[in-house]
Amino acid sequence: MARKRSWADSVARLVASLLPVLAASCDQHVDGLAAIDSGEIELVAGEREALRTLLQSTGLTDDQFSVRGAVGAANSAIIIDAHVHTMELSDVSLADLSPLAEFTALQRLRFTGGALRSLDGLPQACKLRTLYVASAGLARSDGIASCAELRDLSLPNNALTELPPLQTLPMLQNLDLAGNAIATAGSIVGLPALESLSLADNGLGQCPLIESLPALRRLLLSRNELTDLNGLRDLPALTQLLVDDNRLVDASAVDQFAQLEVLNLNGNHLQQFPLRVAELDPLHWSDNPGYLTKIRADHDERRARLTERGLAEALPASDSSQASWSEGYCQWQGSSPSCRLSFDELSGTRRVYLARWASDPLRSDPRRRGVSGVVARLSVAQGTARVYLNRQAVAERLAEAAPTPQVRIGYPYAEASTDDPKAMAGQLFVDGSGVWLLLEAVGGSAAEVTIQIEPGYVH
């Protein structure tokens, strides 16, 4: 017990000895202008006075402004090599940026909320690389014309009616002008480094000329009044295009963008769609009046392609041995079959039996009297194969004006090739040996052949 008390006393004495040191340390790490005035943080004289003037004009006190870049501080600065490098201002009011004119090394400025009417007043030798002004009522942006090193310009949710002077910003990589009032944007061309552009929520009535931007990957034009996208040209790197909630009636310009991966066309007036939608998630284009028409047309086209079939006057001669499938099943419900059979290799022409009579000496199997109509679906991984069904009569109208169709009789077949499956409806062969169909490997052999038989009609 004595040993435990001795250890506790030692810890208490150590803590007591450290408290004055910790208190002194905390006293030394003051913030705001006090840290600069005390010499703890060095700042050149001109910028020191400019910072003092800025705090006075905005009404900020030392405890509301951090010169240490404190995490979570709404108003702060980061000072590097005795110059203000980064500044963040929130919910303050300034007519323009002239109070920042002395901060010639400023590279990053973030201004949110409050009021800022203009970007005038920046240093003539502007070193800004990032400028973010949001929800501040900003009405003019021409003051950034001297900021040739600017990479990121974000001015969302303000009151801009015109584009910034982009021609003076050759190094610009990201431009966000969403949520302004730029109803006419003119042109955005010749920015070789621009990778991301947002003009969403601006009331644009006409697609601006957005051209010759070789690095542009992301373009946001959502929630405007656009009726077409004909102003988009020569954007070879474009991978994301968002134009949802406009008034689009023509989106054919989309097909020129070979690298496009993300496209949102929802909330428009489209009756016809660019070819690229076939590669996209329907959730990103289905909210248009022509969507149901489009999918019906696609379904009919697919059905027509899927059900292409020929008619042979005679069956090709089959080999004496029947084809044995590698895996699969064949089940019967009365006279209706449900089968899926796979063949690793198929060569020549073979009968494929779905039922045999060898074990039915009394001929009592009801399937001997016929089986129901089926759909045969054929797919091939490599090569070409055909499936033949029983003979039937096919009515064909040789000319649109012909009064009556011509009737042909033959053996219908569907021919499938690599990645091009086929299907057809018809009747299976039924004879004294069993129920079967005929498979033919066109050209000698086919690999990974699958035949599926089910009751009903092609759908």
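The values are calculated or read from the model by the stated rules, or taken from the named source; none is laboratory data. Source: prediction; values computed, not measured. When we count neighbours, we look across all protein chains shown, and the Cβ atoms used for this are built from the backbone with ideal geometry, even at glycine.
Values computed for the structure shown
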{"quantity": "Exclusive hit being modelled with pLDDT under 90 and not hydrophobic (A, V, I, L, M, F, W, C), set 342, 379, 320", "calculated": "320"}
{"quantity": "Selected residue (only one of 291, 329 is modelled with pLDDT under 90 and in the same structural domain as residue 422 (by TED's automatic domain parsing))", "calculated": "329"}
{"quantity": "Hits in region 245-263 - residues which are surrounded by fewer than 21 Cβ atoms within 10 Å (Cβ to Cβ), of a type outside the set (A, V, I, L, M) and closer than 15 Å to residue 222 by Cβ", "calculated": "245, 247"}
{"quantity": "Residues (loosely packed, with under 13 Cβ neighbours inside 10 Å and part of a loop (DSSP other than H, G, I, E, B)) located in region 46-66", "calculated": "59, 61"}
{"quantity": "Matching residues, region 255-272, being part of a strand (DSSP E or B) and free of Cβ contacts under 8 Å to residues at least 24 places away in the same chain", "calculated": "262, 263"}
{"quantity": "Counted residues, region 409-443 - those being of a type outside the set (A, V, I, L, M, F, W, C) and either touching a Gly at 6+ places or on another chain (Cβ under 8 Å) or closer than 14 Å to residue 315 by Cβ (or both)", "calculated": "12"}
{"quantity": "In region 345-373, residue modelled with the highest pLDDT [restricted to those that are among the hydroxyl-bearing types (Ser, Thr, Tyr) and exposed (fewer than 14 other Cβ atoms within 10 Å of the Cβ)]", "calculated": "364"}
{"quantity": "Looking only at region 198-216, and only at residues there that are of a type outside the set (S, T, N, Q) and surrounded by fewer than 17 Cβ atoms within 10 Å (Cβ to Cβ), the one that is nearest to residue 157 (Cα to Cα)", "calculated": "203"}
{"quantity": "Residue 148 being part of a loop (DSSP other than H, G, I, E, B) and more than 27 Å from residue 54 (Cβ to Cβ)", "calculated": "no"}
{"quantity": "Hey, residue 237 farther than 14 Å from residue 197 by Cβ, in contact with a Pro (Cβ under 9 Å, 6 or more places away or on another chain) and part of a loop (DSSP other than H, G, I, E, B) or not", "calculated": "no"}
{"quantity": "Hits in region 66-81 - residues which are modelled with pLDDT under 90 and touching an Asp or Glu at 6+ places or on another chain (Cβ under 8 Å)", "calculated": "66, 67, 68, 70, 73, 74"}
{"quantity": "Neighbours by Cβ (under 9 Å, 6+ apart or cross-chain): first from region 353-369, part of a strand (DSSP E or B); second at pLDDT below 65", "calculated": "353/322; 353/323"}
{"quantity": "Hey, residue 78 hydrophobic (A, V, I, L, M, F, W, C) and farther than 24 Å from residue 42 by Cβ or not", "calculated": "no"}
{"quantity": "Region 228-239, residues that are free of Cβ contacts under 8 Å to residues at least 24 places away in the same chain and buried (at least 17 other Cβ atoms within 10 Å of the Cβ)", "calculated": "238"}
{"quantity": "Per-region count, region 121-134, residues in contact with a Gly (Cβ under 9 Å, 6 or more places away or on another chain) and at pLDDT 95 or above", "calculated": "1"}
{"quantity": "Residue 112 being crowded, with 17+ Cβ neighbours inside 10 Å and under 36 Å from the mean Cα position of the chain (by Cα)", "calculated": "yes"}
{"quantity": "Some residue of region 5-16 being surrounded by 10 or more Cβ atoms within 10 Å (Cβ to Cβ), touching an Asp or Glu at 6+ places or on another chain (Cβ under 7 Å) and modelled with pLDDT of 55 or more", "calculated": "no"}
